[in-house]
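Okay, structure first, notes after.
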Amino acid sequence: PRVLRTEPLTITVQELPRPAPDGYSGLVATSLDLVSVVDRDTVPRGEAIGLQVRLTADGFLKGFSELPVPVPVGARLHDAGENYRTAIDRDRLVGHIAVEKVIVPDLEGALEVPAVALTWFDAADGRYRTSHTEPWRVTVLPSDRPRPSEDESGFLRSEIARLGEFGCARIGGAVAL
């Protein structure tokens, strides 16, 4: 038998600057990308709109609590799925989270799907940052569906359709979402 030994590693852990800003997510990264996508820009009242929010950051995101997806005014928001992945990109561990939501508008007219904001600590810059997705505008058309106050059953879970799995491909040295 042989005994293999490595040189010891010394790791210095530093405190994050205090006070942390309100809404700090607990994430520490050197790169972070946050995007959202809706599956259509026009919908009849009462029909589902798919929303996917994708977070990519260096590090392991499996223990990350939740992306703060706000409920649009005049609509209901339902969970549809979540997907976590970890990959190696240029010798760095990269975490991917895709959160899928279903938005059901209750009112005709313009529906504003608010931006998602995430406050994190940028270890490369040594400061707290807030990343935002773009807000989305959806036109809600009249419909013959009952309004929530008229329909005692509310939103049926069978109406929720999974939006699809989070896809990630390597193009050259970059990761494409």
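The values are calculated or read from the model by the stated rules, or taken from the named source; none is laboratory data. Here the structure is a predicted model, which means the values were calculated and not measured. Note that each Cβ is placed from the backbone with ideal geometry, even for glycine, and that neighbours are counted across all protein chains shown. Surface areas here come from the heavy atoms of the whole protein model, side chains and all, with no ligands, DNA or RNA. Shrake-Rupley method; radii C 1.70, N 1.55, O 1.52, S 1.80 Å.
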* To do: Note down all Cβ pairs under 9 Å where the first residue falls in the range 15-26 and is touching a residue at least 12 places away in the same chain (Cβ under 8 Å), the second is surrounded by 12 or more Cβ atoms within 10 Å (Cβ to Cβ) and assigned to a loop (DSSP other than H, G, I, E, B), and they're at least six residues apart or on different chains.
  => G23/P68; Y24/L16; S25/F64; S25/L67; S25/P68; G26/A20; G26/F64
* To do: Scan the range 42-75 residue by residue and report those that are of a type in the set (S, T, N, Q) and either open to solvent by less than 20 Å² (accessible area, probe 1.4 Å) or closer than 17 Å to S31 by Cα (or both).
  => T56
* Among the numbered conditions (1) part of a loop (DSSP other than H, G, I, E, B); (2) closer than 26 Å to P146 by Cα, tell me where L61 comes up short. => (2)
* Structure fact -> Across (1) open to solvent by less than 40 Å² (accessible area, probe 1.4 Å); (2) under 18 Å from the mean Cα position of the chain (by Cα), D106 clears everything bar (2)
* Asked: Would it be correct to say that G26 is out of contact with any Ser or Thr (no Cβ under 8 Å at 6 or more places or on another chain) and of a type outside the set (A, V, I, L, M)?
  -> no
* Asked: Could you count how many residues in the range 124-140 are charged (D, E, K, R) and either in contact with an Asp or Glu (Cβ under 9 Å, 6 or more places away or on another chain) or without any contact (Cβ under 8 Å) to a residue 40 or more places away in the chain (or both)?
  -> 3
* Asked: Of (1) closer than 22 Å to E134 by Cβ; (2) over 24 Å from the mean Cα position of the chain (by Cα), T42 satisfies all except one. Which?
  -> (2)
* Asked: Considering only the range 43-78, how many residues are among the polar types (S, T, N, Q) and either without any contact (Cβ under 8 Å) to a residue 60 or more places away in the chain or over 30 Å from P142 (Cβ atoms) (or both)?
  -> 2
* Consider S31 carefully, then state whether it is within 14 Å of K101 (Cβ to Cβ), touching a strand residue (DSSP E or B) at 6+ places or on another chain (Cβ under 7 Å) and either open to solvent by 60 Å² or more (accessible area, probe 1.4 Å) or of a type in the set (G, A, S) (or both). => no
* Asked: Going by the structure shown, is S65 under 20 Å from D41 (Cβ atoms) and polar (S, T, N, Q)?
  -> no
* List the pairs whose first member sits in the range 87-115 and is within 18 Å of P44 (Cα to Cα) and touching a residue at least 40 places away in the same chain (Cβ under 8 Å), whose second member is in a strand (DSSP E or B) and open to solvent by 70 Å² or more (accessible area, probe 1.4 Å), and whose Cβ atoms are under 7 Å apart, counting only residues at least 6 apart or on separate chains? -> K101/D79; E108/L141; E112/R137; V113/W136
